[in-house]
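The values are calculated or read from the model by the stated rules, or taken from the named source; none is laboratory data. All values reported here derive from a predicted model rather than from experimental measurement. Here the Cβ positions follow ideal geometry from the backbone for every residue, glycine too, while neighbour counts run over all protein chains shown.
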Amino acid sequence: MTEPLINLLPYQKRWLLDDSRYKIALQARQTGKSFMASLEAVDQVYQTGETWVLLSRGERQSRELMEKAAQHARAYALGISAVEEERFRGDENEYKMLTIHFPNGGRIIGLPANPDTARGFSAHVVLDEFALHKDSHKIWTALYGSITRGYKIRILSTPMGKQNKFYSLWTGNQPYSRHFVDIYTAVREGLKVDIEALRSGLDDPDAWAQEYECKFIDEATAFLTYELISACESEQAALESAEISAGGEYYAGIDIGRKRDLTILWLLEKVGDVYWTRRVQVLEKTPFPMQTELLAETIRRLRPRRVCVDYTGMGGPICEQLQKLFGSSRIEPVTFTPAVKESMAVRVRQLFEDRRIRIPVDNAVRNDLHAVRKIVTAAGNIRYDAEHTADGHSDRFWALALALEASDAGAVKPMCYVSRRA
């Protein structure tokens, strides 16, 4: 590592000056992992003219990481103008490959990580946010042969449960140089963040422990494990789709907020037997009359065939207003009884296990789905809830469950389903 051209925080400098062949970082969110990974790659290519491959969670994350590398390369005054887009043909599919060519013949290549791309190069490798990669065990098996001839491996991630390869690498006895940076270490060493404001804004002890304190949360009680959730994430799913295709088969679910005044509309499109997320609309601290107006506008524009609406408590008036606007055949009220919630929750899990749902790659969605627990009460009753706070945190889960209820996927036997139709 040459002397850095920019000011680095101590933990960033420790990473960059560590030239170990095997190196791994367990690091809190938004503390500069991608910055560190891309800067080291640029510096190494600048010195050696070799090739580095950066493998990211998906194409969007790959482009973001490569843009950071391009910024570093320009800071080195190497005449780099832009990231070039090429095509890479693997054994099974073709992928978008982003490349930075250096004057000394070296390259930095950015690709979405999967077993196919991991097998494609002999080079130094960076695995960015490796705990979030789909099929992380298969990626690791495919990748390891690529670094056989003395190449370096860099692995950086926040934790995401214990079922992925990153967890076993961090906790195992492999000869890795380990770098641990939780939010407290980062702030102590100069990161300008208000920890208490950040913690209060997140309002989720489990998510705080995982994403900022770098603790591996036990998956034993999770109704949907991170492994199940990650397997159904796709960059083709959307938090807000640009447009809705004419003739598409759309369904929506609306979970009405209460204590936190958080209302979620989840829109699904059924394509074959797979349910694709096309929109996740979040209304936070919005007055109920305005919620009705905004939800009606979305329904009018996106035209779902059926909408299931949480009719429990404060959801009743909103549901009734939407029925007046769109008719009772289109807007279906669902009262959340324990039997109804169990039926819907089980159906959600079945579709995740069958890989018949696609959800956006989004931390809020991921953590909300993971928050739901199957809880057995002292009386032996089963309930499904996000137990870690008084307010819950499973709004998105139930909006998705309601959207599936609006579709054919939600059809269950009348004896275990209680729905109130107007």
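Would you mind finding the one in E189, E243 that is over 21 Å from L127 (Cβ atoms) and either assigned by TED's automatic domain parsing to the domain that holds S407 or surrounded by 17 or more Cβ atoms within 10 Å (Cβ to Cβ) (or both)? So that I can check it myself, show each step before the final result.
Details: E189 fails: either assigned by TED's automatic domain parsing to the domain that holds S407 or surrounded by 17 or more Cβ atoms within 10 Å (Cβ to Cβ) (or both).
After ruling out the rest, the residue left standing is E243.
Look through the stretch 48-65, keep the residues that are buried (at least 24 other Cβ atoms within 10 Å of the Cβ) and in a helix (DSSP H, G or I), and return whichever of them is modelled with the highest pLDDT.
L65
Filter the stretch 165-186 for residues that are small (G, A, S) and part of a helix (DSSP H, G or I); which is surrounded by the most Cβ atoms within 10 Å (Cβ to Cβ)? Can you show your working first?
Within the stretch 165-186, the first condition is being small (G, A, S), and the residues that meet it are 168, 172, 177, 186.
In the following step, the residues that additionally are part of a helix (DSSP H, G or I) were identified as 168, 186.
Values: S168: 14, A186: 23.
That would be A186.
Have a look at G120, G106 and point out the one that is small (G, A, S), at pLDDT below 90 and buried (at least 19 other Cβ atoms within 10 Å of the Cβ).
On the way: G106 fails: at pLDDT below 90.
Answer to the selection: G120.
Test each condition in (1) surrounded by fewer than 19 Cβ atoms within 10 Å (Cβ to Cβ); (2) touching a residue at least 40 places away in the same chain (Cβ under 8 Å) for V309 and report the one that comes out false.
(1)
Return the pairs, sorted by first residue and then second, in which the second residue is in a loop (DSSP other than H, G, I, E, B) and modelled with pLDDT under 95, the first residue lies in the stretch 16-40 and is outside the structural domain of T185 (by TED's automatic domain parsing) and acidic (D, E), the beta carbons are less than 8 Å apart, and the residues are 6+ apart or on different chains.
Here the result reads none, with nothing in the stretch 16-40 linked to a residue that is in a loop (DSSP other than H, G, I, E, B) and modelled with pLDDT under 95.
Looking only at the stretch 248-258, decide whether some residue is touching a Phe, Trp or Tyr at 6+ places or on another chain (Cβ under 9 Å), surrounded by 14 or more Cβ atoms within 10 Å (Cβ to Cβ) and not in a strand (DSSP E or B).
Within the stretch 248-258, the first condition is being touching a Phe, Trp or Tyr at 6+ places or on another chain (Cβ under 9 Å), and the residues that meet it are 251-256.
Checking which are surrounded by 14 or more Cβ atoms within 10 Å (Cβ to Cβ) leaves us with 251-256.
Imposing the further condition that a residue be not in a strand (DSSP E or B) reduces the set to 256.
Yes; the residues of the stretch 248-258 include at least one that is touching a Phe, Trp or Tyr at 6+ places or on another chain (Cβ under 9 Å), surrounded by 14 or more Cβ atoms within 10 Å (Cβ to Cβ) and not in a strand (DSSP E or B).
Among residues belonging to the stretch 188-244 that are polar (S, T, N, Q) and not in a loop (DSSP other than H, G, I, E, B), point out the one that is farthest from R278 (Cα to Cα). Reasoning before the result, please.
We begin by selecting, within the stretch 188-244, every residue polar (S, T, N, Q); these are 200, 210, 221, 225, 230, 234, 236, 241.
Filter again for not in a loop (DSSP other than H, G, I, E, B), leaving 200, 210, 230.
On the way: S200: 30, Q210: 28, S230: 17 Å.
Once the filter is applied, the top-ranked residue is S200.
On the basis of being more than 23 Å from F35 (Cα to Cα), in a helix (DSSP H, G or I) and modelled with pLDDT under 95, does A131 make the cut? Can you show your working first?
Working: more than 23 Å from F35 (Cα to Cα): no; in a helix (DSSP H, G or I): yes; modelled with pLDDT under 95: yes.
So A131 does not fit the description; no.
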